[in-house]
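Written below as structure tokens is the structure these notes are about.
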Amino acid sequence: MFSLNQQGPYYPTPAHISAIHQIKIVFSFVIITIFFPVSFAERNPIKIHIANPQLVGAGRMTFLFFNIYDAELYASEKKWNKNKPFALKLTYLRHFKGREISKRSVEEIFKLGFDTQETLDNWQGQMDAIFPDVVSGSVIIGIKDSNGHAVFYYDEKFIGSIKDVEFTRWFFDIWLGRKSSDLRLRAKLINADG
């Protein structure tokens, strides 16, 4: 506070100025955190949907002699349960078009035993609208949320969701189902030996 006293005008010392500056910084951080919480939370999208997420298991998808992506499965308290929220993180090691990812996903779902073509076409259309082209180092995170919906992030930014519990089950069964085309990778992801 500025005031006059018997000794003349009061001028704030450098220490006072520093304290005022620190208060302004703290106040600004509080305001930003209150009104823009998502911008901070999105830096780790898995924590948005899963309480205390921990790595359950990890493995690498290969085809012939090519490395395709590294996969990581996260669940609360390191305990995967297909009926509870979990996250599958894929770090791509090669370039792929988003439509190629969608097409391959539908092919895998068909191999698992789902053969209603109209629904498959619908799911592929939704995935086409969500999945971006990827390059080596790109990360796509697929999350089964508490509603049973599939939520997707690309390099930790929200890119879309498919609110269909049937889709969610079949989609994640590509990696986690008992009929997965890569049972070795499945065993590593769910930490079957752990």
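Here are the numbers for the structure shown:
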quantity	calculated
Qualifying positions in segment 182-193 - open to solvent by 80 Å² or more (accessible area, probe 1.4 Å) and at pLDDT below 95	D193
Cross-chain or 6+ apart pairs with Cβ under 6 Å, segment 144-160 first and modelled with pLDDT of 95 or more, then open to solvent by less than 60 Å² (accessible area, probe 1.4 Å) and assigned to a loop (DSSP other than H, G, I, E, B)	K144/P85; D145/P85; S146/P85; V151/D145; Y154/P132
Residues of segment 161-170 satisfying the condition of being open to solvent by 10 Å² or more (accessible area, probe 1.4 Å) and touching a strand residue (DSSP E or B) at 6+ places or on another chain (Cβ under 6 Å)	S161
Test: F131 is within 18 Å of the chain's Cα centre (by Cα) and among the aromatic types (F, W, Y)	yes
Filtered residue count, segment 115-141, keeping only those that are touching a helix residue (DSSP H, G or I) at 6+ places or on another chain (Cβ under 7 Å) and open to solvent by less than 20 Å² (accessible area, probe 1.4 Å)	5
Any helices (runs of 4 or more DSSP H) falling wholly within segment 91-194 and containing at least 1 residues that are under 19 Å from F66 (Cβ atoms)	98-112, 165-176, 183-189
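The values are calculated or read from the model by the stated rules, or taken from the named source; none is laboratory data. As the structure is a prediction and not an experimental result, all values here were calculated from the model. Cβ coordinates were reconstructed from backbone atoms using ideal geometry, including for glycine residues, and neighbour counts include every protein chain displayed. When the accessible area is computed, the model is the full protein with side chains, heavy atoms only, and any ligands, DNA or RNA have been set aside. Shrake-Rupley method; radii C 1.70, N 1.55, O 1.52, S 1.80 Å.
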